[in-house]
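I have placed the structure first, in the form of structure tokens, so that the comments after it can refer back to it.
Please treat every number below as a calculation from the coordinates, not as lab data. The shown structure was predicted, so the numbers you read here are calculated from the model rather than taken from an experiment. Neighbour counts run over all protein chains shown; Cβ positions are idealised from the backbone, glycine included.
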Amino acid sequence: MSTPTKGRHWSSLWFGLALFACGFDVLAESGVTQVQVDARLDREQWPAQLTTPALLALNPVQQVLSHFESTPTCRITIRYAGGDADRRWAWDLRDWLVSFGVSLSDIRVEPATGSLEGLQLVLEKLNPSTTD
């Protein structure tokens with residue numbers, strides 16, 4: 001009588017191990033990242049005269065660019081609060097980053113999920129198994 005119980009125990013154990021292994025595979029494929037920089041850019045910081053020196057002088061831009069150059073397989077995400085003006089501002093910043101040498105494919109622009117004032121610049125080191 002103990003053999004059937006023992007057999008069920010092993011099949012449950014194998015099933016649990018299979019689910020556990022699948023969980024690791026899904027985690028690896030989900031693009032789990034490490035945040036290298038999480039900086040905020042306020043509207044007051046944004047220069048009235050948009051020039052390369054003025055934008056490169058912004059601390060959040062400096063942080064993102066310096067880490068971007070030294071971090072392989074990374075992505076920059078620009079999050080904005082919402083509304084057309086903030087969306088255009090985020091796209092303007094994206095265009096400036098591209099002019100500074102960041103590949104367009106390495107930048108994402110998206111609305112923030114919570115309350116946010118200004119822009120949030122996040123540089124994430126990507127899981128190598130998820131990069132193209």
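Points worth noting:
- Considering only residues in the stretch 73-84 that are farther than 17 Å from Q45 by Cα and without any contact (Cβ under 8 Å) to a residue 40 or more places away in the chain, the one that is surrounded by the most Cβ atoms within 10 Å (Cβ to Cβ) turns out to be G82.
- In the stretch 34-54, the residues that are in contact (Cβ under 8 Å) with a residue 12 or more places away in the chain reach residues that are of a type in the set (S, T, N, Q) and surrounded by 12 or more Cβ atoms within 10 Å (Cβ to Cβ) with C-beta atoms within less than 6 angstrom, at least six apart or across chains, in these pairs: Q36/T71; V37/Q63; A39/Q63; R40/Q120.
- Tally of residues being part of a helix (DSSP H, G or I) and of a type in the set (K, R) across the stretch 78-132: 3
- When the stretch 37-78 is filtered for residues that are within 21 Å of E117 (Cα to Cα) and either in contact with a Lys or Arg (Cβ under 9 Å, 6 or more places away or on another chain) or of a type in the set (S, T, Y) (or both), the ones remaining, listed by number, are P60, I76, T77, I78.
- In the stretch 30-67, the residues that are surrounded by 17 or more Cβ atoms within 10 Å (Cβ to Cβ) and over 17 Å from the mean Cα position of the chain (by Cα): L55, L58
- Residue that is in contact with a Ser or Thr (Cβ under 9 Å, 6 or more places away or on another chain) and either surrounded by fewer than 13 Cβ atoms within 10 Å (Cβ to Cβ) or without any contact (Cβ under 8 Å) to a residue 24 or more places away in the chain (or both), where the choices are S105, S70, S99, S115: S99
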